[in-house]
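Each remark here refers to the structure printed beneath this line.
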Amino acid sequence: MNSKILIIANGPSVLNRNFGDEIDKFEEVARINNYKTKDFQKFTGSKTTVWFNGGNQNLKKNILPPKKVIVFIPYEILLRKEKKIKNQLSKKLDMIPNDFEIIKKEKMKFYEDFSNIKRPTTGFNSIMWSIENYEQVIIHGFDFFQDGKEHYFDSKLVKTLSNFKVFNKAGKHDNLGEKKFINDLIIKNKVINLKDFLKDKK
């Protein structure tokens, strides 16, 4: 099992702290879906060694993907059209199949059953996967869509529309359920927030 991983989510709280330099000191830094570091380095850092994504229709191609790419396709979708998804994914990611890993549907079902959360977000799945593969899991920027702003990198227009609920903010996900579950993992020391990890280091 690997030592530790830092997962940077895309919540607007990322912009509350200038953790960029500290983030880049980690050996393993994971980011999610359409993350951005350009113009945000003082908050996000620039290092990326793992890319977690959901292979969804809004996913943008990663021009310089890291060596480790992990794809979480919802269980219900894999159950219906696993073969088709696998064939399409290589083109969507612009990567050969050997360069990314699709988490098996049995594991995706396990994450749902274990957490009692149907169709978890990519961020939630990334935490579950990391707990199984790393000794220590540190997280940052997980806001669970509780704020009006969806992502730290969204344009002013998108943020305004999100605030007025013009966009459905991850509406198919149980955001509150995920928040409660992850908070419970933090209480049990299975996961640690980056700010607490850095505080304990001092």
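In segment 129-146, the qualifying residues are those that are more than 13 Å from PHE52 (Cβ to Cβ), in contact with a helix residue (DSSP H, G or I) (Cβ under 6 Å, 6 or more places away or on another chain) and part of a strand (DSSP E or B), and the one that is modelled with the lowest pLDDT is HIS140.
Are any residues in segment 15-36 more than 17 Å from VAL137 (Cβ to Cβ) and surrounded by 19 or more Cβ atoms within 10 Å (Cβ to Cβ), and if so, which ones? Those that are more than 17 Å from VAL137 (Cβ to Cβ) and surrounded by 19 or more Cβ atoms within 10 Å (Cβ to Cβ): ASN33, TYR35.
Against the conditions (1) of a type in the set (Gly, Ala, Ser); (2) more than 13 Å from the chain's Cα centre (by Cα); (3) modelled with pLDDT of 95 or more, SER162 satisfies every one except (3). SER3 - would you say it is more than 14 Å from the chain's Cα centre (by Cα), surrounded by 15 or more Cβ atoms within 10 Å (Cβ to Cβ), among the polar types (S, T, N, Q) and closer than 20 Å to ILE127 by Cβ? No. Give the residue, chosen from LYS4, LYS60, that is farther than 22 Å from PHE144 by Cβ and at pLDDT below 90. None of the others qualify; the one that does is LYS60. Could you tell me whether any residue of segment 78-87 is closer than 19 Å to LEU194 by Cβ and buried (at least 17 other Cβ atoms within 10 Å of the Cβ)? The answer is no, given that none of the residues of segment 78-87 is closer than 19 Å to LEU194 by Cβ and buried (at least 17 other Cβ atoms within 10 Å of the Cβ).
Of these, LYS81, LYS86, which one is farther than 25 Å from PHE26 by Cα and out of contact with any helix residue (DSSP H, G or I) (no Cβ under 8 Å at 6 or more places or on another chain)? Walk me through it before giving the result.
On the way: LYS86 fails: out of contact with any helix residue (DSSP H, G or I) (no Cβ under 8 Å at 6 or more places or on another chain).
Exactly one residue qualifies, and that residue is LYS81.
The values are calculated or read from the model by the stated rules, or taken from the named source; none is laboratory data. What you see is a predicted model, and the numbers here were worked out from it, not measured in a lab. Every residue, glycine among them, receives a Cβ derived from its backbone with ideal geometry; neighbour counts consider all protein chains shown.
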